[in-house]
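The structure appears below as structure tokens.
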Amino acid sequence: MNRDEAERSLADTNWTNAVVEREPRHVSIVHSVRFPAELSKKLEAEADRQGVTPSVLIRDLVTAALLAAEQDETVTVRIGDLHRAIDLALHRAA
């Protein structure tokens, strides 16, 4: 498309219902991540299942993980109590 075609296209556009946004957009930063092929396939399949893009799914998962980490609290547990709890969980799972 050359400049004249672009100007004609803009002139032919009906701007009657256009909305002017006066608030600046939030800054968006791109983080490039490499996934193994198998993980990438799973990501794409889950995104398709949810009807979103892989980018939206990744953003939702990272947001949920960070929120969970922020809400997590540190507790002190005696080692013996921890061993008993693990043994009990394994016994119930068997």
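The values are calculated or read from the model by the stated rules, or taken from the named source; none is laboratory data. These numbers come from a predicted model, not from an experiment. Cβ placement follows ideal geometry from the backbone for every residue including glycine, while neighbour counts extend to all protein chains displayed.
Of note:
- Which numbered condition P54 misses (of (1) in contact with a helix residue (DSSP H, G or I) (Cβ under 8 Å, 6 or more places away or on another chain); (2) more than 20 Å from S32 (Cα to Cα)): (2)
- Residue within region 3-18 that is closer than 22 Å to S55 by Cβ, among the hydrophobic types (A, V, I, L, M, F, W, C) and surrounded by 10 or more Cβ atoms within 10 Å (Cβ to Cβ) present: no
- Selection from region 31-52 of residues that are of a type in the set (S, T, N, Q) and modelled with pLDDT of 95 or more: S40, Q50
- Filtered residues of region 62-88 (kept if surrounded by 10 or more Cβ atoms within 10 Å (Cβ to Cβ) and not acidic (D, E)): V62, T63, A64, A65, L66, L67, L82, H83, R84, A85, I86, L88
- Restricting attention to region 34-61, the residues that are surrounded by 12 or more Cβ atoms within 10 Å (Cβ to Cβ) and not in a helix (DSSP H, G or I) total 3.
- Pairs, first more than 26 Å from I58 (Cβ to Cβ) in region 8-33, second assigned to a loop (DSSP other than H, G, I, E, B), C-beta under 9 Å, six or more apart: S9/M1
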